[in-house]
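Engineer: Quick one: the structure is below, questions incoming.
Any read-out appearing in this document is the output of simple, stated calculations on the displayed coordinates, not a laboratory observation. Computed from a predicted model, the values in this text were never measured in an experiment. Here Cβ is always computed from backbone atoms with ideal geometry, including for glycine, and neighbour counts include all displayed protein chains.
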Amino acid sequence: MNKKIAFITGASSGIGSATAYLLAQNGYNLILSGRRADRILSLQAQLKAEFGTVSHAAIFDIRYKEEVQIAFEALPKDFQAIDVLVNNAGLASGLSTLDKGALDDWEAMIDTNVKGLLYISRLVIPGMIERKTGHVVNISSIAGKEVYANGNVYCATKFAVDALNKAMRIELSAYPIRVTGIYPGAVETEFSLVRFHGDEEKAKAVYQGFDNLLASDIADAIYYAISRPAHVNINEMIVMPTAQPVPGIIHRK
């Protein structure tokens, strides 16, 4: 293959799926990773049918380093020279003060948002260094810039992604490998459904009464960053709904 290869984590829904569609439209071959095999395989088939996209389905749970390692080592030869890594897999679980926080929620967020990002980055980056080319896109959140009420541990994980984005930029710029952080505000995906443990009414209420961001808006931001000329690096991009100036304020109709 002579097309660029993008590895997208959390590709089974939301921003990951939207990014896969946009990159497929623009000629990328893809490594589609996620836990839900049915969704990944369905996405793979759709992209093949619509765009003729060549892709590889990597089914694993990014929280577990052994699964990540096995999936990475199983990449076919034609998918090993990864040009773009989109560290998208992430979640929020629960919304409470620290004294009432559930430890399982904390561990799910830390294991996915921080440790999972580290596991896959540790495997992909050495190849980029060896080839002296590549681009890492880290999906953080406005919660990685500003803390909001009851967001404590989720915000902490996204501040960690912000720190790792800056650290990668310092370490990898000499090779020269580009690094970009994307910081979305309110995006209507499965995010709130997961945060509220499947409570559809609570999740729906988050996005009512204003024009929220769509997953495709963030995919556009990702593609803009990776499609710049090689000498241009977009260090950070904060993308907010017009109705949301800061995390704690949303102007609803």
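Engineer: If you go through the range 186-196 one residue at a time, how many are surrounded by fewer than 19 Cβ atoms within 10 Å (Cβ to Cβ), outside any loop (DSSP other than H, G, I, E, B) and under 15 Å from the mean Cα position of the chain (by Cα)?
Structural biologist: 0
Engineer: Return the residue satisfying two criteria in turn: it lies in the range 197-229 and is touching a helix residue (DSSP H, G or I) at 6+ places or on another chain (Cβ under 9 Å) and of a type in the set (S, T, N, Q), and of such residues it is surrounded by the most Cβ atoms within 10 Å (Cβ to Cβ).
Structural biologist: In the first step, residues of the range 197-229 are kept if they are touching a helix residue (DSSP H, G or I) at 6+ places or on another chain (Cβ under 9 Å); the result is 197, 199-200, 202-207, 212, 214-220, 222-223, 226.
Next cut, of a type in the set (S, T, N, Q) only: 212, 216.
Numbers: ASN212: 18, SER216: 15.
Out of the qualifying residues, it is ASN212.
Engineer: Quick check: anything in the range 168-185 over 18 Å from MET128 (Cβ atoms), touching a residue at least 24 places away in the same chain (Cβ under 8 Å), in a helix (DSSP H, G or I) and aliphatic (A, V, I, L, M)?
Structural biologist: No, there is no match, as no residue in the range 168-185 is over 18 Å from MET128 (Cβ atoms), touching a residue at least 24 places away in the same chain (Cβ under 8 Å), in a helix (DSSP H, G or I) and aliphatic (A, V, I, L, M).
Engineer: With more than 24 Å from ASN87 (Cα to Cα) and either free of Cβ contacts under 8 Å to residues at least 12 places away in the same chain or not in a loop (DSSP other than H, G, I, E, B) (or both) as the only criterion, which of ALA205, ALA221 stands out?
Structural biologist: Checking each option against the conditions leaves just ALA205.
Engineer: Could I ask something else about it? Residues that are assigned to a helix (DSSP H, G or I), loosely packed, with under 15 Cβ neighbours inside 10 Å and within 16 Å of the chain's Cα centre (by Cα): does the range 230-253 have at least one?
Structural biologist: Taking the range 230-253 as the starting set, the residues that turn out to be assigned to a helix (DSSP H, G or I) are none.
No, because not a single residue in the range 230-253 is assigned to a helix (DSSP H, G or I), loosely packed, with under 15 Cβ neighbours inside 10 Å and within 16 Å of the chain's Cα centre (by Cα).
Engineer: Sticking with this structure for a sec: Taking the range 70-109, which residues are loosely packed, with under 13 Cβ neighbours inside 10 Å, without any contact (Cβ under 8 Å) to a residue 24 or more places away in the chain and assigned to a loop (DSSP other than H, G, I, E, B)?
Structural biologist: ALA74, PRO76
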